[in-house]
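Trainee: Structure provided below as structure tokens; questions to follow.
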Amino acid sequence: MLPFYGRRLSRKTKKFSSYDLENFEFFFNEINFNETKKKLVKSCQNVNLEIGFGKGENLIFQSQIKKKDIFLAIDPFISGGLKLKKNIEIFKISNIFFSNVSFSQFFEIVGDVNFKKIFILFPDPWPKKKHKKRRLINEEFVKNLDKITIRHSEILIATDDECYSNQILKSFSKQNFFKLLLKTMDNQIFEDYKIYPTKYFRKAKKEKRRINLFIYQK
Ligand SMILES: C[S@@+](CC[C@H](N)C(=O)[O-])C[C@H]1O[C@@H](n2cnc3c(N)ncnc32)[C@H](O)[C@@H]1O
């Protein structure tokens, strides 16, 4: 399965501060995920997932508008995880559990957890031809999504890369697991669907790139 190719630490993050995450009650790793899983099963709440949460802006937003839901989130970018931890503490949030594992590592441990909504906002586009294999969303990924979703689950994907948009469409249409509910370049829909305008959303808007939003439903 796909390894992680991106950056784990920003230049500003000191290596030792990443150890802060390990003892945080809302952080999980491959070893202790079963503890988090027990909490999910016990709670009987809807569980959602964000893949590549970045600094956690959308995640914090979602956790506040859906206080009865639980949000799992993964991103190997530790500096983003540290920022998220800070905000969880400041806003006293208790319905987010996050990790620095990549999607492929997460898929190995997730077991029978099913997600109601899965957010993938601005996955790394890897625009160079030689790097296209590094993209998160491909046919195998869609097959994996099928295994962690149930009827009516939704997958929300945003990208400002035209070529990646086409790859997303092809990957989903080759598998018959999800139907395309919505494909739009109307950014107003972000507000209507209550998706947070993240750092990469704002960057794309500033640089006048068109943003595609896809909503798939099982
Ligand atoms: C372009 S950033 C977008 C961040 C955020 N979603 C936003 O909109 O601001 C892509 C994020 O995906 C994360 N990422 C890349 N590959 C991943 C993988 N295999 N599993 C989980 N996260 C991944 C990166 O570390 C990065 O933080």
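The values are calculated or read from the model by the stated rules, or taken from the named source; none is laboratory data. These numbers were taken from a predicted model, which means no experiment stands behind them. All Cβ positions, glycine included, derive from the backbone under ideal geometry; neighbour counts span all protein chains shown.
Trainee: Could you list all residues from the stretch 63-80 that are in a helix (DSSP H, G or I), of a type in the set (Gly, Ala, Ser) and at pLDDT 95 or above?
Mentor: The one that is in a helix (DSSP H, G or I), of a type in the set (Gly, Ala, Ser) and at pLDDT 95 or above: SER63.
Trainee: Now for a different question. Which residues, counting only those in the stretch 105-119, are in contact (Cβ under 8 Å) with a residue 60 or more places away in the chain and not β-branched (Val, Ile, Thr)?
Mentor: GLN105, PHE107, GLU108, GLY111, ASN114, PHE115, LYS116, LYS117, PHE119
Trainee: Mind counting the residues in the stretch 120-139 that are acidic (Asp, Glu) and either free of Cβ contacts under 8 Å to residues at least 60 places away in the same chain or away from the ligand (no atom under 12 Å from the Cβ) (or both)?
Mentor: The qualifying residues number 1.
Trainee: Do we find a residue being of a type in the set (S, T, N, Q) and at pLDDT 95 or above anywhere in the stretch 178-185?
Mentor: No: zero hits.
Trainee: Do we have any residue at all in the stretch 182-195 that's closer than 13 Å to PRO123 by Cα and either within 17 Å of the chain's Cα centre (by Cα) or away from the ligand (no atom under 16 Å from the Cβ) (or both)?
Mentor: No, because not a single residue in the stretch 182-195 is closer than 13 Å to PRO123 by Cα and either within 17 Å of the chain's Cα centre (by Cα) or away from the ligand (no atom under 16 Å from the Cβ) (or both).
Trainee: For THR36, only one of the following conditions fails: (1) within 15 Å of the ligand (Cβ to nearest atom); (2) at pLDDT 90 or above; (3) surrounded by 14 or more Cβ atoms within 10 Å (Cβ to Cβ). What is its number?
Mentor: Every condition holds for THR36 apart from (1).
Trainee: Here's another thing I want to ask about it. Identify all residues within the stretch 138-153 that are assigned to a loop (DSSP other than H, G, I, E, B) and out of contact with any Ser or Thr (no Cβ under 6 Å at 6 or more places or on another chain); write none if there are none.
Mentor: ILE148
Trainee: For the stretch 87-119: of the residues being part of a helix (DSSP H, G or I) and within 16 Å of the ligand (Cβ to nearest atom), which is surrounded by the fewest Cβ atoms within 10 Å (Cβ to Cβ)?
Mentor: Of everything passing the filter in the stretch 87-119, GLU108 is surrounded by the fewest Cβ atoms within 10 Å (Cβ to Cβ).
Trainee: Sticking with this structure for a sec: Mind telling me which of the residues PHE103, PHE115, PHE97 ends up being hydrophobic (A, V, I, L, M, F, W, C) and over 24 Å from LYS199 (Cα atoms)?
Mentor: Answer to the selection: PHE115.
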